[in-house]
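One structure below.
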Amino acid sequence: MVLRAPLSRPHASATGKGELMGTLPSELFELSIGDGQPQQSFLPVSGLRLHGLSLESDVVEVTSDDNGGWRRLLSGGGIRRMVVHGEGLFTSSPAELRLRELALLGASAEFELTLEGECRMRGPLVVSTLRYDATQDEEVTFSVKLESAGPILTI
């Protein structure tokens, strides 16, 4: 299942972290979760509309007196992470039930994120937030925040 969602444009973070957060209107997203089996297959998280993808990296400052007053940062020295936010209509799909299982266990799973059908990223993510809400017309929605739990690879 292919989902439409915006990504943000690059911007500087007020926390001193280098952050890439973007908005690419009308771009296509697909989020799939690994089934956890030895011969892993990926289940699409149907009903989910992704709202954001953040690739973050802490900076490590290595400025010394020898830098002539200029700030120096250690390339590749900080902690990197990916955060994915989304919400959608709860459909009780196997992937949504797997999300709930992971949230209750505090465990990570392999996820695959496809952007515009061209860029695919895969790696372990943990469900850091899973929230359910119901509307007056008895429609159940959910929101989720996933955070990387290891290296994210472009495949």
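Some points to look at:
Condition check ((1) buried (at least 17 other Cβ atoms within 10 Å of the Cβ); (2) touching a residue at least 60 places away in the same chain (Cβ under 8 Å); (3) in contact with a helix residue (DSSP H, G or I) (Cβ under 6 Å, 6 or more places away or on another chain); (4) basic (Lys, Arg)) across all residues:
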{"position": "GLY68", "(1), (2), (3), (4)": "no, no, no, no"}
{"position": "ARG71", "(1), (2), (3), (4)": "no, no, no, yes"}
{"position": "GLY76", "(1), (2), (3), (4)": "no, no, no, no"}
{"position": "SER92", "(1), (2), (3), (4)": "no, no, no, no"}
{"position": "THR135", "(1), (2), (3), (4)": "no, no, no, no"}
{"position": "ALA149", "(1), (2), (3), (4)": "yes, no, no, no"}
{"position": "ILE152", "(1), (2), (3), (4)": "yes, yes, no, no"}
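- Annotation: ALA95 fulfils all but one of (1) touching a Pro at 6+ places or on another chain (Cβ under 7 Å); (2) part of a loop (DSSP other than H, G, I, E, B); (3) of a type outside the set (S, T, N, Q); the unmet one is (2).
- Residues being closer than 14 Å to ARG122 by Cβ and either assigned to a loop (DSSP other than H, G, I, E, B) or basic (Lys, Arg) (or both) - total across segment 36-48: 2
- Residues in segment 44-66 that are of a type in the set (A, V, I, L, M, F, W, C) and surrounded by fewer than 17 Cβ atoms within 10 Å (Cβ to Cβ): VAL59, VAL60, VAL62.
- For LEU104: the one exception among (1) under 15 Å from the mean Cα position of the chain (by Cα); (2) modelled with pLDDT of 95 or more: (1)
- Among the residues listed as ARG131, ARG120, ARG100, the single one being without any contact (Cβ under 8 Å) to a residue 24 or more places away in the chain and closer than 21 Å to GLY47 by Cα: ARG131
- Selection from segment 132-155 of residues that are over 17 Å from MET82 (Cβ atoms) and either assigned to a loop (DSSP other than H, G, I, E, B) or under 16 Å from the mean Cα position of the chain (by Cα) (or both): THR135, GLN136, ASP137, GLU138, GLU139, PHE142, SER143
The values are calculated or read from the model by the stated rules, or taken from the named source; none is laboratory data. Not measured: the values here are computed from a predicted model. Don't worry about glycine lacking a Cβ; one is built from the backbone with ideal geometry, like all the others, and counts go over all protein chains shown.
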